[in-house]
């Protein structure tokens, strides 16, 4: 495990290796936060990588298959954060769907994470919502306070 951590700390680590170690098969790691709640460190690391990758999402396209097949431990968190960081996820979703159903052992976690981010941003910020739905979201926020 230490060799994986060393690889991640290295500035020379390539994106495929980072995806494998941080998103696809990271170690399960939780840490107790200052507030007493546990933090999913693996999820946090995947989200940090997504933020970095969002700066040049085209670099991710050649490696999409890695995020769409087999066991995926943090691809949902990665997709969620990636969709939060990108202004437009249409191209990424289209490319993902074109590849997804060509894979025998496909896994929807990455795509579901992207949709989760889209839904959350629309609900939280009221983007592209109908007036009645926007009123409902605002009323729910007031009630929760």
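Values quoted throughout were computed directly from the atomic coordinates according to the rules given, and no laboratory measurement underlies them. Computed from a predicted model, the values in this text were never measured in an experiment. Cβ placement follows ideal geometry from the backbone for every residue including glycine, while neighbour counts extend to all protein chains displayed.
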Checklist entry - For residue 97, which of the numbered conditions (1) surrounded by fewer than 17 Cβ atoms within 10 Å (Cβ to Cβ); (2) outside any helix (DSSP H, G or I) fails to hold? => result (2)
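Any idea which of 24, 114 is closer than 19 Å to residue 13 by Cβ and surrounded by 15 or more Cβ atoms within 10 Å (Cβ to Cβ)?
Criteria check complete, one pass: 24.
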Checklist outcome for this item: Among the residues of the stretch 68-91, the number that are surrounded by fewer than 22 Cβ atoms within 10 Å (Cβ to Cβ) and assigned to a helix (DSSP H, G or I) is 4
